1. Name the residues in the stretch 99-114 that are of a type outside the set (V, I, T), surrounded by 18 or more Cβ atoms within 10 Å (Cβ to Cβ) and touching a residue at least 40 places away in the same chain (Cβ under 8 Å), would you?
2. Among residues belonging to the stretch 236-247 that are in contact with a helix residue (DSSP H, G or I) (Cβ under 6 Å, 6 or more places away or on another chain) and in a helix (DSSP H, G or I), point out the one that is surrounded by the fewest Cβ atoms within 10 Å (Cβ to Cβ).
3. Mind listing whichever residues of the stretch 200-224 are open to solvent by 50 Å² or more (accessible area, probe 1.4 Å) and free of Cβ contacts under 8 Å to residues at least 24 places away in the same chain?
4. Need at least 3 residues that are within 18 Å of K115 (Cα to Cα) per element, so show me which helices (runs of 4 or more DSSP H) inside the stretch 1-93 make the cut, counting only ones lying wholly within it.
5. Pull up the stretch 255-264, narrow it to residues that are of a type outside the set (V, I, T) and part of a helix (DSSP H, G or I), then point me to the one that is most open to solvent (accessible area, probe 1.4 Å).
6. On the given criteria, is L273 over 30 Å from L134 (Cβ atoms), open to solvent by 40 Å² or more (accessible area, probe 1.4 Å) and without any contact (Cβ under 8 Å) to a residue 60 or more places away in the chain?
Amino acid sequence: MMAGICASAQTNEEFKAQYERQTSAVGPSGVGVEYIVNRWEKACPDSREMLEASFRLYFLKSREETLVVKPGMDKYMGGDPVLALTDSLGNKVNWFTDYKYNDRIFGKAVRYIDKAAELYADDIDVRFFKLDALLAYEKDSPDMVCTDLAALIDLEASGKQNWKAGGEPVGHDYFMAAVQDFCREFFKIASPASYEAFRTISEKMNKLYPSDTAWLNNLGSYWYSVQKNSSKALSYYKKVLKISPKDYTAIKNSVLIARKDNNPKLEKKFLPLLIEVTPSQGEKIAAEARLKQL
């Protein structure tokens with residue numbers, strides 16, 4: 001059964017309009033929304049819009065906002081504390097917003113989005129909705145997200161899909177940007193498991209698309225920021241600059257590494273390049289002054 005065809009007198013578009021009116025007033029999980037969605041499902045069980053609405057409803061119903069205390073931590077899941085206190089010994093005690101999830105209701109939400117992905121296989125936004133939900137659910141251990149994203153990357157590489165998002169065709173660049181967005185989230189979470197997901201996906205993308213410097217820059221950041229291995233990081237930035245000699249990210253990070261490692265020879269090598277490519281006039285002036293000091 002295609003979207004828009006319902007086994008009732010009320011059409012899919014009429015249910016959609018009713019749903020949108022209600023959610024605009026009370027939000028996607030507010031009073032009366034579940035009643036509308038349940039009737040919509042009975043009438044139009046394969047509607048793309050109904051499946052997405054049901055997913056959003058039960059995902060939001062599955063979670064409860066809470067506060068967690070993280071002594072000594074300045075960030076949690078990439079976020080700043082909502083409350084900062086000091087204990088009797090003078091140690092920082094920070095409180096962060098978090099969510100706890102009802103597994104049963106979350107599983108129900110996932111079943112709706114899985115059905116949407118099965119029925120509307122080319123709708124890439126459906127698959128990203130699920131990955132976003134899993135990332136929120138798994139928090140600092142995004143193992144399922146990493147596995148599912150890797151499988152989706154393989155599907156993209158096969159060239160078998162004609163992706164759509166929001167009902168409109170989207171191409172390879174859209175997919176690549178979305179994967180990089182997930183990599184940024186992995187890095188921002190800043191846990192051992194999320195850093196590993198960042199590395200795994202970046203390595204996979206670099207293997208599939210070796211001329212795309214984004215993934216080499218990711219790996220340079222991993223080895224520099226996470227593993228504190230300057231020489232390994234520089235080896236990736238060197239690969240970037242062979243492909244794209246004016247890549248700002250690789251040049252800027254190479255300057256930072258040289259400065260942190262107290263390597264003036266290396267810094268002198270990269271500062272003129274930074275002066276040439278930086279989009280910031282302030283950074284250009286600072287780099288020129290630094291070069292004169294050296």
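1. Selection gives F106, A109, Y112.
2. For the stretch 236-247, the residue satisfying everything is I243.
3. E203, K207, P210, W223
4. 33-43, 48-62
5. Start the filter on the stretch 255-264 by keeping residues that are of a type outside the set (V, I, T), which leaves 256, 258-264.
So of that shortlist, the ones also part of a helix (DSSP H, G or I) come out as 256, 258-260, 264.
Details: L256: 69, A258: 1, R259: 111, K260: 134, P264: 62 Å².
Of everything passing the filter in the stretch 255-264, K260 is most open to solvent (accessible area, probe 1.4 Å).
6. Values: over 30 Å from L134 (Cβ atoms): yes; open to solvent by 40 Å² or more (accessible area, probe 1.4 Å): yes; without any contact (Cβ under 8 Å) to a residue 60 or more places away in the chain: yes.
Yes.
Yes or no, residue by residue, for (1) closer than 20 Å to N217 by Cα; (2) not in a loop (DSSP other than H, G, I, E, B):
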{"site": "T249", "(1), (2)": "yes, yes"}
{"site": "N253", "(1), (2)": "yes, yes"}
{"site": "L266", "(1), (2)": "yes, yes"}
{"site": "F270", "(1), (2)": "yes, yes"}
{"site": "P279", "(1), (2)": "yes, no"}
{"site": "G282", "(1), (2)": "no, yes"}
{"site": "I285", "(1), (2)": "no, yes"}
{"site": "E288", "(1), (2)": "no, yes"}
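Matching residues to (1) without any contact (Cβ under 8 Å) to a residue 60 or more places away in the chain; (2) of a type in the set (S, T, Y); (3) surrounded by 13 or more Cβ atoms within 10 Å (Cβ to Cβ):
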| site | (1), (2), (3) |
| --- | --- |
| E13 | yes, no, yes |
| Q18 | yes, no, yes |
| E34 | yes, no, yes |
| W40 | yes, no, yes |
| G78 | no, no, yes |
| P81 | yes, no, yes |
| D87 | yes, no, no |
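The values are calculated or read from the model by the stated rules, or taken from the named source; none is laboratory data. This structure is a prediction, so every number in the text was calculated from the model and none was measured. Cβ atoms come from the backbone with ideal geometry, glycine included; neighbour counts cover every protein chain shown. We work out accessible area using only protein heavy atoms, side chains counted, and drop any ligands, DNA or RNA first. Shrake-Rupley method; radii C 1.70, N 1.55, O 1.52, S 1.80 Å.
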